[in-house]
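So the structure is just underneath, and the comments pick up after that.
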Amino acid sequence: MRKLNYKKVFIFLFCLTAAVGTMGLAIKSLAFDKKRTVSAYTTDKNYPEADIQTYVKDNTKGGYSASRPVLHLENIDKQLEAYIKKEIKDYEKKWKASDGKASELNLTYTILHFSKQTITISFDKYEQVEGKKQSGTQIFTYDIPSQQKLSIEDIFATDTDYLSVLSDIVFEELTQKEEEGISIKKENKLKAANFNSFSVLKNTLVFYVKTDDSTKTHTIAIKKDLFKDSLLDSYQSQDLNEDRVKEWQPKHIVAKLPVQNEWIDPSKKVIALTFDDGPHPSHTMSILEVLKKYDGHATFFVLGSRVQHYPEVLQKMLQEGNEIGNHSWDHPQLTRLSKNRIEDQIEKTQDAVKKATGTEPNLVRPPYGAINHNVREYMEDMKVSLWDVDPEDWKERNEKKIVNKVMSKAKDGRVILMHDIYQTSAQAAGKIIKQLHDQDYQLVTISELEKVKKDRELSGITISE
């Protein structure tokens with residue numbers, strides 16, 4: 001029988017103990033080391049085909065927890081991973097700038113809808129750095145076949161009026177909730193960016209809308225049937241857009257379009273008076289008084305350089321149902337300007353009108369009607385509005401001649417160009433408004449005129465002079 005070598009046994013046990021201890025420290029370091037991030041995977045309970053990846057940094061003075069779904073769709077997963085890592089990187093940059101003070105980041109997600117066609121994911125973020133707390137929500141919708149993130153323009157056919165319809169619906173819905181402290185001005189037409197957070201359900205479109213005059217997000221569900229002529233087929237399909245697990249049914253669904261312009265009869269004559277170069281503190285106000293007297297509306301294309309001095313005139317325009325358009329800052333010929341100066345002319349005027357009224361125009365009339373590709377580039381979602389009849393009231397300065405020129409060319413559907421900075425034009429406008437009213441014309445804004453024309457097309461209405 002071989003004698004037991006106690007010395008070798010002792011050395012073996014010592015090494016084993018040391019190895020186990022080292023492993024324990026390594027495991028503990030992985031889970032709790034303040035300098036390392038743990039990335040863990042679990043299964044999403046609601047959607048078994050998806051996993052959850054969570055990044056955790058355990059540090060009481062700069063820790064975070066951020067989760068994202070792993071969908072096993074390569075391009076979408078890459079985009080979601082990039083989003084999470086950017087949020088973490090931005091947070092750590094702010095934390096380091098705070099000299100390592102107590103901070104935290106929590107980023108969680110919810111899959112709002114997951115079908116064959118799309119997936120919508122909502123990320124909720126809570127962040128605290130140097131005692132400053134911030135929270136917010138980001139909603140992304142991806143097209144499954146193409147694995148691309150969707151915007152509102154991607155699901156609707158181009159050259160359709162879906163934005164106006166959406167804007168009207170939002171106005172109608174939020175107007176009904178005014179008792180909750182929610183309000184939106186009808187003149188403030190919403191843009192595509194207001195609708196880029198959405199879900200495409202089986203029978204419904206759900207929009208998570210944040211209006212320009214509110215920090216709150218409003219959830220508005222709308223029947224797809226209201227967009228049967230504009231929503232693309234792949235997003236119209238019930239089969240492709242039914243949720244993989246359980247279809248969500250919103251509590252309130254908009255099932256019909258709001259009634260618009262009840263005072264306008266599309267079977268009767270309409271005409272649009274427009275006034276450029278204002279506002280003027282007395283001449284514009286006198287035109288507004290006559291319009292109100294004869295139940296008429298008009299569109300005023302204003303100069304930003306004048307808006308800043310007479311905000312109360314613009315406020316009265318909107319209060320009485322009129323429309324405001326952008327006519328540049330100080331009336332240069334835009335086609336002769338550099339791109340930077342064009343942008344400055346348009347944006348400064350947009351900002352001036354918004355400061356005065358809380359709304360931005362969605363119509364623009366370039367001075368002299370001069371427009372080219374460079375000018376259009378800075379119009380964004382704005383519509384260019386020109387004219388049919390020009391009495392040259394800026395040159396004529398004769399009240400009677402101005403009236404005769406306009407009335408001789410007035411016809412249903414036409415747009416009349418005048419100016420509200422001259423006394424003769426304001427006096428002529430008063431007589432023109434009365435005569436048009438007496439001839440059974442409905443005086444409408446440019447947007448109302450466009451709406452009437454579309455209503456007539458749908459209804460087959462024709463007007464004979």
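The values are calculated or read from the model by the stated rules, or taken from the named source; none is laboratory data. Keep in mind the model is a prediction, meaning the values are calculated, not measured. Positions of Cβ are backbone-derived with ideal geometry, glycine not excepted, and every protein chain shown enters the neighbour counts. Just so you know, the surface numbers come from the protein's heavy atoms only, side chains and all, with ligands and any DNA or RNA stripped out. Shrake-Rupley method; radii C 1.70, N 1.55, O 1.52, S 1.80 Å.
General remarks:
- Scanning segment 263-287 for residues that are among the hydrophobic types (A, V, I, L, M, F, W, C) and either without any contact (Cβ under 8 Å) to a residue 40 or more places away in the chain or open to solvent by 20 Å² or more (accessible area, probe 1.4 Å) (or both) yields Trp263, Met285.
- Extreme residue, surrounded by the most Cβ atoms within 10 Å (Cβ to Cβ), among residues of segment 442-465 that are among the hydroxyl-bearing types (Ser, Thr, Tyr) and under 19 Å from Ser385 (Cβ atoms): Thr445
- Residues in segment 448-465 that are in contact with a helix residue (DSSP H, G or I) (Cβ under 9 Å, 6 or more places away or on another chain) and either at pLDDT 90 or above or part of a loop (DSSP other than H, G, I, E, B) (or both) were compared, and the one that is farthest from Gly413 (Cα to Cα) is Ile461.
- Residues of segment 206-259 that turn out to be among the β-branched types (Val, Ile, Thr), farther than 17 Å from Phe195 by Cα and in contact (Cβ under 8 Å) with a residue 12 or more places away in the chain, as a count: 1
- Pair list, Cβ < 8 Å and 6+ apart or interchain, from segment 374-392 residues that are over 14 Å from His327 (Cα atoms) and modelled with pLDDT of 90 or more to residues that are of a type in the set (Gly, Ala, Ser) and part of a loop (DSSP other than H, G, I, E, B): Val389/Ala410
- Qualifying residues in segment 134-159 (those that are in contact with a Lys or Arg (Cβ under 7 Å, 6 or more places away or on another chain) and more than 11 Å from Thr118 (Cβ to Cβ)) - the one most open to solvent (accessible area, probe 1.4 Å): Ser135
- The residues on offer are Val254, Val290, and the sole one that is hydrophobic (A, V, I, L, M, F, W, C) and open to solvent by less than 30 Å² (accessible area, probe 1.4 Å) is Val254.
- Helices (runs of 4 or more DSSP H) fully within segment 315-430 counting 1 or more residues that are touching a Phe, Trp or Tyr at 6+ places or on another chain (Cβ under 8 Å) and not polar (S, T, N, Q): 339-357, 393-396
- Residue in segment 28-38 that is open to solvent by less than 100 Å² (accessible area, probe 1.4 Å), under 38 Å from the mean Cα position of the chain (by Cα) and modelled with pLDDT of 80 or more present: no
- Set Lys85, Lys101, Lys61: member being part of a helix (DSSP H, G or I) and surrounded by fewer than 19 Cβ atoms within 10 Å (Cβ to Cβ): Lys85
- From Ile287, Ile271, Ile222, residue being over 28 Å from Arg365 (Cα atoms) and of a type in the set (Val, Ile, Thr): Ile222
Conditions (1) among the polar types (S, T, N, Q); (2) closer than 16 Å to Thr299 by Cα; (3) out of contact with any Gly (no Cβ under 7 Å at 6 or more places or on another chain); (4) surrounded by fewer than 19 Cβ atoms within 10 Å (Cβ to Cβ), marked per residue:
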residue: Asn372; (1), (2), (3), (4): yes, no, yes, yes
residue: Lys383; (1), (2), (3), (4): no, yes, yes, yes
residue: Glu392; (1), (2), (3), (4): no, no, yes, yes
residue: Val403; (1), (2), (3), (4): no, no, yes, no
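- Sub-6 Å Cβ pairs linking a first residue in segment 113-132 that is farther than 30 Å from Lys96 by Cβ to a second residue that is of a type in the set (Ser, Thr, Tyr) and in a loop (DSSP other than H, G, I, E, B), at least 6 apart or interchain, are Phe114/Tyr47, ordered by first then second residue.
- Within segment 70-81, tally of residues that are open to solvent by less than 60 Å² (accessible area, probe 1.4 Å) and either more than 14 Å from Ile121 (Cβ to Cβ) or not in a helix (DSSP H, G or I) (or both): 3
- Sole exception among (1) surrounded by 15 or more Cβ atoms within 10 Å (Cβ to Cβ); (2) closer than 27 Å to Asp351 by Cα; (3) more than 29 Å from the chain's Cα centre (by Cα) for His297, by number: (3)
- Criterion applied to Arg306, Arg341 was being surrounded by 16 or more Cβ atoms within 10 Å (Cβ to Cβ), out of contact with any helix residue (DSSP H, G or I) (no Cβ under 8 Å at 6 or more places or on another chain) and of a type outside the set (A, V, I, L, M, F, W, C), and the one residue passing it is Arg306.
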